[in-house]
Every structure is written in structure tokens, then in C-alpha cells.
Amino acid sequence: METQTDSLTEKLAGMKARNLQNQPIEHKPIEETIPHFSDLDHWNFMSAERKVQMIEFSAMKLKFDDADVITVKNNLPLFEAFLRSAFYKRGHFKVYGARAIMEDLRWHTNAHDNSRAYKISNNITPRLSELSMEMFPALKGFFKTHGDD
């Protein structure tokens, strides 16, 4: 048992020594530290705070209004359900409708937004599609927007 512990200690010491030989870590601006994902693997393991940071940064790049950013941040579970459905659909279709995903979520799941009047408001759909395409390159062009020809 001690030989396993000793070998683990030696491995860790070797790793630390290799890391110390590397150049010092340089701090980058936040826009360079926020990754773009091709799938949901990393997203699923991120903290809620980090997800909100990514949403805020991507929304800033898309020039969302403050109210739209707050709406998306307050509806993080709905955004995540939208993403899961979009990635599933991406595996089967070249292009798909964001509103069709929202209708599917509305009628066939327990997903809901923080709206008091509706289970899921239609007003959030364009923002979720734009944000998902900005944050996840695998979804770029998957949804058609008003700016598309």
C-alpha cells in the first residue's frame, strides 16, 4: 500500500516540477478566457456563475438590451433545455426552427420560464437562438434569423 502512495507522491512531485519549469501564467482579458464550445460537455460541468458570465459576455457581443440579458439569466434552466434540444435536433437536421423547439418544450416537457402569464413566453425564443449560435459554433447557422438571406 505504501509503494502505491509513494509512487503517487513521486508522480505529483514530477508534475509540479514540470509545471514550475513552464513560463509563468499570463492573465488574459475576459473575452479571451471565455471558451466557445462545440458541444455541451463542458457546459454541463460549469458552475451557474460561470454560465451567467458566458451569457453576459455573448449577449454583450450580440448587443442585447439589458432587459433581454436579465430575462435569459433568470431563465437559465429553460436556456439549458433549449440547448439540449437544439443539439439533439442538430444531429438529425441541417436547419431547424427555434420556435419549433420552444413549442416542443412547451407541450412535451415541464420546462417553463419565469413569466407569470405563460408557461413559456414567445418573446424569449429569438434571444435564445441567437445566444446559442453565438456561444456554440456547432449551432452556427442552425437557426434562421431576420438578418439571414
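The values are calculated or read from the model by the stated rules, or taken from the named source; none is laboratory data. The model shown is predicted, which means the values in this text are computed figures rather than measured ones. Glycine gets a Cβ as well: all are built from the backbone with ideal geometry, and neighbour counts include every protein chain shown.
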Fill in the blank from the handout: If we keep only residues of the range 67-96 that are over 23 Å from residue 47 (Cβ atoms) and surrounded by fewer than 16 Cβ atoms within 10 Å (Cβ to Cβ), then the residue nearest to the chain's Cα centre (by Cα) is 88
Handout entry: Options 63, 89; residue that is basic (Lys, Arg) and either closer than 15 Å to residue 39 by Cα or touching a Pro at 6+ places or on another chain (Cβ under 8 Å) (or both)
Key = 89
Practice task
Please identify the pairs in which a residue from the range 103-123 that is closer than 20 Å to residue 68 by Cβ has its Cβ atom under 6 Å from the Cβ atom of a residue that is of a type in the set (Lys, Arg) and part of a helix (DSSP H, G or I), counting only partners at least 6 apart or on another chain.
Solution key: 119/106; 120/106
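Being out of contact with any Cys (no Cβ under 8 Å at 6 or more places or on another chain), among the β-branched types (Val, Ile, Thr), surrounded by 14 or more Cβ atoms within 10 Å (Cβ to Cβ) and at pLDDT below 65, is that true of even one residue in the range 11-31?
We begin by selecting, within the range 11-31, every residue out of contact with any Cys (no Cβ under 8 Å at 6 or more places or on another chain); these are 11-31.
Now restrict to residues that are among the β-branched types (Val, Ile, Thr): 25, 30.
Checking which are surrounded by 14 or more Cβ atoms within 10 Å (Cβ to Cβ) leaves us with none.
Taking every residue of the range 11-31 in turn, none turns out to be out of contact with any Cys (no Cβ under 8 Å at 6 or more places or on another chain), among the β-branched types (Val, Ile, Thr), surrounded by 14 or more Cβ atoms within 10 Å (Cβ to Cβ) and at pLDDT below 65.
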Handout entry: Single residue of the range 128-139 satisfying the filter (surrounded by fewer than 22 Cβ atoms within 10 Å (Cβ to Cβ) and touching a Leu at 6+ places or on another chain (Cβ under 9 Å)) that is nearest to residue 72 (Cα to Cα)
Key = 130
Problem - Selected residue (criterion: modelled with the lowest pLDDT) from residues of the range 36-64 that are in contact with a helix residue (DSSP H, G or I) (Cβ under 9 Å, 6 or more places away or on another chain) and of a type in the set (D, E, K, R) - result: 39
